[in-house]
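Everything on this sheet refers to the single structure shown next.
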Amino acid sequence: MRYGIIFLGAMVFLLTDCKVKKKTTNSVAEAISELQVTGSIQKDTEGKIYHPSQTRFFDLQHTKLEVSFSYEKEEVYGKATLTLRPFFYASSQLVLDARGFELREVSMVSKTGKHDSLHYVYNDDFIVVDLGRKYTNAETVNIYIDYTARPNLLQAKGSRAITDARGLYFINPHLKQTGKPRQIWTQGETQSSSCWFPTIDAPNEKMTQEIYLTVQANEITLSNGELIYSNFNTDGTHTDYWRQDLPHSPYLVMIAVGTFEVVKDSWRDSVEVNYYVEKEYEPYARQIFGNTPEMMEFFSRKLDIDYPWKKFSQVVVREFVSGAMENTTAVVHGEFLQQDARGLLDETNEDVISHELFHHWFGNLVTCESWANLPLNESFATYGEYLWREYKYGKDDADAHLMKDITGYMNDNFTESKRMIRYYYKNQEDMFDGHSYQKGGLILHMLRGYVGDEAFFKSLKLYLSKRKFATAEIHDLRMAFEEVTGEDLNWFFNQWFFGKGHPELEMDYKWMEDAHEVEISLEQVQDSSRFGIFRLPIEIVFYNKSGQLKNERVWLEDKSAIYRIKLSEEPSVVLFDPQNYLLAVKNEFRRRNDLVNIYNKFESYLQRSFAFNQLTFGWVGDSLQFNLVERALMDKLWTIRLSATEVLMAADAVQVKWFDTLLKRLVFSDPKASVRANALSCLRKLNNKENYKFFLSATNDSSYHVAGIALDAVYDFSVDTAVILAELNKQTRSDYMRARVAEILAHKGNGDYQPFFETAYQHQDWGTFFSYGDYVCRLKDEKLSYAIQFLLEGNKDLKPEGDVMERTMLQFVARQLDNKLNGIIEANKTQAERLKKTDATRLIYEEEIKKAETFRLKIKSLLVEN
């Protein structure tokens, strides 16, 4: 599961020529320190109830499902046959998860196929089945259940990562929404598979499965495992038989039904790799997913364990309740992944693909045995993104991506410092956060740095090999590393997986000429009463003008320590934790010339970005900063060029003017769309009419993002031209560009844009629909009446629980309109009061007041908070 992030290696410096000690110069780091001391906005998701792994009374070995659907009633008609045996102790009672079912039959299936009815009790959440006698774990039972599931009626709360928990979803079932395909798809994590079939809905269960899916003749299906056959039925339906003969957990069971186009690919010419997309995006499927086989090969070689499943498919669905889901052999992606060639220049979403694929080792092959151990799934999948980037695009690119993970963790840590492995959560959904994902990935990166690459990947292979097709807890991972390295690693796992927070370090050094030594001063300044004192291996590298002098690892195990290291000469540069492995806020005390030396001396992103960010922090626009930004705009690393444009986006127009020529060069020639977009935004600040033709030309950029910014810039100088361009781009596939178009047309367009905004609402394109209120406020009489009726109809169709975004957007538009109408009423009242009652002009004002009051009355129901 990937859901959509901190500021690690937050290295902060005093940028003066004097070596003055300063705790931090970064507002983010200051806020972190303050929060850690005061806890002023810290929330608490830690509960008082211990949540262990679910006790296994039965072992669910196999599930057979025969499933069909009613779009009209939004119901699932199922027949389930579950093969189970008592886990250890003999038992006469079986408890199954089944939420909101209508049960028609619960029976025991004999070896001859005979169904013997069983007594059971059902409370809408669990079926308690009386098996008639005690069965031992040497015996298996086959339980048959005939049922109807109505997931749409369930009241199920989701989380930040998974916004809904009804298990199975009917999309546009009644075909009321034009342009939106009718689909069915499932989302089982965490415990929602039991919303559409009976099971033991726990991550520590492992089962094989077979599913018979009966659907309309024109519909395509997807499920776990292999499609064995497809039979056409006399009633115009067809039944697809899917079989998964390798065990996985129930939450990974999936189905998808729709009118997909299937683009076929393969890995090693033997494993089927397929991409399921809407017809419109079939030409771009290989651009979207095309690196998948190479990813499979890379991960297989890196882990020295081949991709362990028989196929790998990916499907894009509408209205998905998360970013993506790693269902075994059949990943589901949200519709954001579908883009055309231009959209892919702005965002490939390749990290999502690598994340879900890496889950097929970490999460699917070896599964966390409880949600408390979720980092065994999500931390690895997050780190899989880094590994892929490191291989495909180089370490600099991967390190830049890692900084986003740092930001993600620190943002989460702002509100609450948590244990990585936590059994006292209030709800298992709380585990899906910046700790389980980003912090966990950073911890794995740190562990890799400590033990070295060879030991790291050998340990992962051992862990996967020992626990394959089974479940694990964090100690299984630790013991695998200990077996490979020979080192007791409890200290590492205890402080990082069972402790909270991260260290905050103050780091300094000075040269002792008489002794030919460098004196290193390190101190942990985090709140030790809350986070303790960390045991930290810290790499320190010393350089002179010719190159590296010495590499030293020191251990900081107390609150503070001083180290003296002999060198043959005074170093020109001293780097602490140069590979940024350490998960810590690092406050270093540097002179400006130290940072300039680092920027000039090193080629890696980590060192040069670090120096650049500190030298440009607290931008004043002096000669050193100007020269540095000028060089950075021409840097070979796009990440450095991007940082330079970000600095100028915060500068004033006079300062930006100095870089006009370089910025224009970037807009026309930089290969990275994000750099071109930022450069164009900087130029827009100049508000220079001479740039009008330049902006007009940029509206043809291959990137939607760049073209959208250019369109906004054209609007600054020629509204009429911007409206014409917006009209031409109404049918764009890009959400970003469509939002720009909507804003311009809503304010200045002359056409009927009601259908345009209705389509945006139906497609949940909220960036576009956001401008609908501005458009409605320009309407009068019949057109306004129609728009109000549209709002009322939309509100009427909302479910009492759910549809939060729809309700919010409708209310937003209604409030805008209400304010506009109120202004009309007050303005006309003012004019009317100036005239005599017998004045004919007054009647016109009064008529306008009545019309506005009538419209206000109609939208009153939309303004009520639900």
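Some observations on this one:
- The strands (runs of 3 or more DSSP E) located wholly in segment 309-388 that include 2 or more residues which are open to solvent by less than 10 Å² (accessible area, probe 1.4 Å) and within 16 Å of M254 (Cβ to Cβ) occupy 311-316, 330-333.
- Residue that is nearest to F336 (Cα to Cα) [pool: residues in segment 273-297 that are part of a helix (DSSP H, G or I) and hydroxyl-bearing (S, T, Y)]: Y281
- Per-region count, segment 620-637, residues hydrophobic (A, V, I, L, M, F, W, C) and buried (at least 18 other Cβ atoms within 10 Å of the Cβ): 5
- Filtering segment 638-651 to residues that are closer than 15 Å to W619 by Cβ, of a type outside the set (A, V, I, L, M, F, W, C) and open to solvent by less than 80 Å² (accessible area, probe 1.4 Å) leaves S643, T645.
- Any hit, segment 157-171, residues being part of a helix (DSSP H, G or I) and modelled with pLDDT of 95 or more: no
- Residues in segment 784-823 that are surrounded by fewer than 19 Cβ atoms within 10 Å (Cβ to Cβ), out of contact with any Phe, Trp or Tyr (no Cβ under 8 Å at 6 or more places or on another chain) and aliphatic (A, V, I, L, M): L792, L798, V804.
- Remark: pairs (first residue in segment 323-341, over 14 Å from L357 (Cα atoms); second residue open to solvent by 10 Å² or more (accessible area, probe 1.4 Å) and polar (S, T, N, Q); Cβ separation under 6 Å; 6+ apart in sequence or on different chains) = L337/N349.
- Check on V253, of a type in the set (V, I, T), surrounded by 15 or more Cβ atoms within 10 Å (Cβ to Cβ) and either in contact with an Asp or Glu (Cβ under 6 Å, 6 or more places away or on another chain) or more than 23 Å from W309 (Cβ to Cβ) (or both): no
- Flag if A400 is small (G, A, S), over 17 Å from R2 (Cα atoms), out of contact with any Leu (no Cβ under 6 Å at 6 or more places or on another chain) and in a helix (DSSP H, G or I): yes
- Of the residues making up segment 348-364, those that are touching a His at 6+ places or on another chain (Cβ under 9 Å), under 14 Å from E385 (Cβ atoms) and not hydrophobic (A, V, I, L, M, F, W, C) are N349, D351, E356.
- Complete set of residues in segment 586-619 that are modelled with pLDDT of 90 or more, open to solvent by 20 Å² or more (accessible area, probe 1.4 Å) and either among the small types (G, A, S) or in a loop (DSSP other than H, G, I, E, B) (or both): F602, E603, S604, F617
- Of all the residues in segment 102-120, those that are in a loop (DSSP other than H, G, I, E, B) and either open to solvent by less than 50 Å² (accessible area, probe 1.4 Å) or closer than 15 Å to D201 by Cα (or both) number 3.
- T292 meets each of the listed conditions (1) open to solvent by 20 Å² or more (accessible area, probe 1.4 Å); (2) modelled with pLDDT of 95 or more apart from (1).
- Annotation: of all residues in segment 213-237 being of a type in the set (S, T, Y) and buried (at least 17 other Cβ atoms within 10 Å of the Cβ), the one that is farthest from Y71 (Cα to Cα) is S223.
- Qualifying residue in segment 254-269 (condition: among the aliphatic types (A, V, I, L, M), closer than 15 Å to I184 by Cβ and not in a strand (DSSP E or B)): yes
- Matching residues, segment 548-577, being farther than 22 Å from A515 by Cα, open to solvent by less than 20 Å² (accessible area, probe 1.4 Å) and assigned to a loop (DSSP other than H, G, I, E, B): D577
- Condition check for E504 on (1) under 30 Å from D396 (Cα atoms); (2) more than 38 Å from the chain's Cα centre (by Cα): one failure, at (2).
- The residue list D124, D146 contains one member that is open to solvent by 60 Å² or more (accessible area, probe 1.4 Å) and acidic (D, E), which is D124.
- Only one entry in Y450, Y424 is within 25 Å of F576 (Cβ to Cβ), hydroxyl-bearing (S, T, Y) and open to solvent by 10 Å² or more (accessible area, probe 1.4 Å), namely Y450.
- Beta carbons closer than 7 Å, at least 6 apart along the sequence or on distinct chains, pair a first residue in segment 488-504 that is small (G, A, S) with a second that is open to solvent by 30 Å² or more (accessible area, probe 1.4 Å) for G499/R419; G501/R530.
- Taking each residue of segment 288-310 that is within 15 Å of G384 (Cα to Cα) and looking for partners that are surrounded by fewer than 18 Cβ atoms within 10 Å (Cβ to Cβ) and basic (K, R) with beta-carbon atoms closer than 7 Å, six or more apart or interchain, yields L303/K461; D304/K461; I305/K461.
- With respect to (1) within 25 Å of L444 (Cβ to Cβ); (2) part of a strand (DSSP E or B), the lone exception for L583 is condition (2).
- Residue within segment 773-795 that is among the hydroxyl-bearing types (S, T, Y) and within 31 Å of the chain's Cα centre (by Cα) present: no
- Scanning segment 832-853 for residues that are assigned to a helix (DSSP H, G or I) and open to solvent by 90 Å² or more (accessible area, probe 1.4 Å) returns E833, L843, I844, E847, K850.
- Meets criteria (of a type in the set (S, T, Y) and open to solvent by 20 Å² or more (accessible area, probe 1.4 Å)) for S300: no
The values are calculated or read from the model by the stated rules, or taken from the named source; none is laboratory data. Computed from a prediction, not measured in an experiment: that's the story for all the values here. We place every Cβ from the backbone using ideal geometry, glycine too, and count neighbours over all the protein chains shown. Heavy atoms of the whole protein, side chains included, go into the accessibility calculation; ligands, DNA and RNA do not. Shrake-Rupley method; radii C 1.70, N 1.55, O 1.52, S 1.80 Å.
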